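Trainee: Take this structure first; my questions come after.
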Amino acid sequence: MKRVYLQGFPNFDNYGTAMMGMITAQRLFDLFGGACIIHCDFLKSEDKEVSLRELSGVSDGAIQPYVPELRFGQKIGRKQLLGIAAKKRATHDADLIVVLGGDDISEYYDVRIWKQIANLWTLTRDAPTILLGQTLGPFDRRANLAAARLFFPGMHIFPRDRWCTGYLEDELGLTRRVQQSTDLAYADLPLQHRTDIRDSVLAANGLQPDGYATMIVSGLGSKYYTPDRNLFLERHAAMANAIMARPEMAGRKLCLLAHTFGIYGDEAENVRAVHQRLAPDVAQRTVLVTDQIMPTRARFVLGNGLFTVTGRMHPAVSTFQMGKPAISLAYSKKYEGVIGTMLGRSDLIIEANDAALWESGAIVDAVVARVGYAMENHDRLSAEIRAGVDAQKQTVDATFAAIRALV
């Protein structure tokens, strides 16, 4: 019986993070023929029960919660870090340790990320330690850069985009133990074959396939796009009004979907706030999905619309995964990496991390123009997206085959 410790799957409040956790847990369970226990760093005991409902054929005993010594985002002093490194860790009996990305290991969220990098390195004394689906860096601060160069060589790294792989090789000099991967959410979710779930969530929200467009109003708006929250919401309402005025949207609906909750950004509140700002005729044609419907159902909503406009990356990935175009309002390099270099869809990315775009209203014009491009080229884009996603699925398969070979 193999023991795998999975970090970076704390809850279901961020569907993007949860999708990566679900896919990894399912693949590992299947790779080991069910002869494994996967310890997940859930924050709450009920997250285990939710995970079992979102997985396929995974037994109750195969998923177990555990508490890591340090979580991403947790503040830590140097003495505390040394204490963690010296003691017997929760992972002492591991056969494999998998640390899921994102772009958590970067300076976007923690300017002193070197402490997190050092903590991850201490895991390597227990078992092969994998940084999976990561966009690492860039690191501008000397301490962070030094930690990356010193500690990354002891881990197995599977970057999720070519930009990151190039950065690791060219800037950090890493050539061993680095294998190109992709964003894990390009793979099918464990229950994605369940057409009954698809039909149920669409019917519950009054949606028909290709009968609507979806918009995600990011919970990170005031952090990355503009500090003026009211302006952020007003611009989204203006985007929605203009999109729904297009001839292609006649007789169709707009779906405002919450994709993150709690500490990741309360998008349910943003959905309600944008809805209040819509033109009356558009508001009447708008469906609000503010309940926490979980990743599988959220993907079915995203993938059955005509297109998506989103300020979060993983709603775009889910939309692409189901063969539809998504227009991303990017705030970091990860968009160009995951969507641009890996899927070849830089044409659907808008660099939106510029307050001047929001102040002038130019962001509305940019989104409406890109929606026009997506609609005028919908059939071609959808066919190219499906082919690109198929290639990404093969990369995910190769990634987990390589991971299996490490144990």
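Trainee: What dipole magnitude, in Debye to the nearest 20, does the chain give about its Cα centre under +1 on Lys/Arg Cβ and -1 on Asp/Glu Cβ?
Mentor: 1020 debye
Trainee: Mind listing the long-range amide H neighbours of Q64? Cut-off is under 5 Å, sequence gap 5 or more, other chains count too, H placed in the peptide plane at 1.01 Å from N.
Mentor: I38, H39, C40
Trainee: Here is a follow-up. Sorted by packing (mean other beta-carbon atoms within 10 Å per residue), highest first, where do 107-118, 377-388 land?
Mentor: Result, highest mean first: 107-118, 377-388.
Trainee: Roughly how tilted is helix 378-404, in degrees to the nearest 10 and between 0 and 90, from the longest Cα axis of the chain?
Mentor: Taking Cα atoms only, the helix is inclined about 10 degrees.
Trainee: Using the Karplus curve 6.51 cos²θ - 1.76 cosθ + 1.60 with θ = phi - 60°, work out ³J(HN,Hα) for each residue of the stretch 324-335 in order, rounded to whole Hz, and write x for Gly and Pro.
Mentor: 10, x, 9, 9, 9, 9, 7, 10, 8, 5, 5, 5
Trainee: Which entries in the list K115/K223; K2/K223; K48/K115 go over 31 Å, if you measure between the two C-alpha atoms of each?
Mentor: Over 31 Å apart, Cα to Cα: K2/K223.
Trainee: When ranked by the protection proxy of mean other Cβ atoms within 10 Å per residue, highest first, what sequence do the peptides 53-59, 255-261 form?
Mentor: 255-261, 53-59
Trainee: On to the next question. Say each of Q276 and D93 gets a label point 7 Å from the Cα, pointing the same way as Cα to Cβ; how far apart are those two points in nm?
Mentor: 5.2 nm
Trainee: Taking the chain as a Gaussian network, where each spring joins two C-alpha atoms under 10 Å apart, which residue of G344, G133, G173 fluctuates the most?
Mentor: In this elastic network of the chain, the residue with the biggest mean-square fluctuation among G344, G133, G173 is G173.
Trainee: Further, regarding this structure: Pick out, from V50, M155, H275, the residue whose Cα sits farthest towards the positive end of the charge dipole of the chain, with +1 on the Cβ of Lys and Arg and -1 on the Cβ of Asp and Glu.
Mentor: Value computed over the given set: M155.
Trainee: Report the trypsin sites (Lys or Arg not before Pro) located in the stretch 122-158 that are in a DSSP loop and have at most 16 other Cβ atoms inside 10 Å of their Cβ, or state none.
Mentor: Here the sparse-neighbourhood loop sites are R141.
Trainee: Looking at the square roots a ≥ b ≥ c of the eigenvalues of the Cα gyration tensor of the stretch 163-313, which shape do they give, rounded for a/c under 1.5, prolate if a/b is larger than b/c, or oblate?
Mentor: Since a/c reaches 1.5 but b/c is at least a/b, the shape of the stretch 163-313 is classed as oblate.
Trainee: Which distance in nm do the two modelled labels at A401 and E171 give, with both placed 7 Å along the Cα-to-Cβ direction?
Mentor: The two pseudo-label positions are separated by 3.1 nm.
Trainee: When the chain is modelled as a GNM with alpha-carbon springs shorter than 10 Å, which of V338, V317, V99 fluctuates the most?
Mentor: Taking springs between Cα atoms under 10 Å, the residue moving most is V99.
Trainee: So, one more: Looking only at P128, P247, P65, which one moves most when the chain is put into a Gaussian network model with springs between Cα atoms under 10 Å?
Mentor: So, out of P128, P247, P65, the one fluctuating most is P247.
Trainee: With semi-axes √(5λ) of the Cα gyration tensor in Å in mind, check [x] 32, 30, 20; [y] 36, 23, 20; [z] 100, 74, 38 and report the label derived from this structure.
Mentor: Entry [y].
Trainee: Something else about it: Would you work out which of L329, H236, I97 lies farthest towards the positive end of the dipole of the chain, given +1 charges on the beta-carbon of Lys and Arg and -1 on that of Asp and Glu, about the Cα centre?
Mentor: Farthest along the dipole direction, towards plus: I97.
Since every read-out is calculated from the coordinates, none of them should be taken as a lab result. Values in this document were obtained by computation on a predicted structure and should not be read as measured data. So basically every Cβ, Gly included, is an ideal-geometry build from the backbone, and we count neighbours across all protein chains shown.
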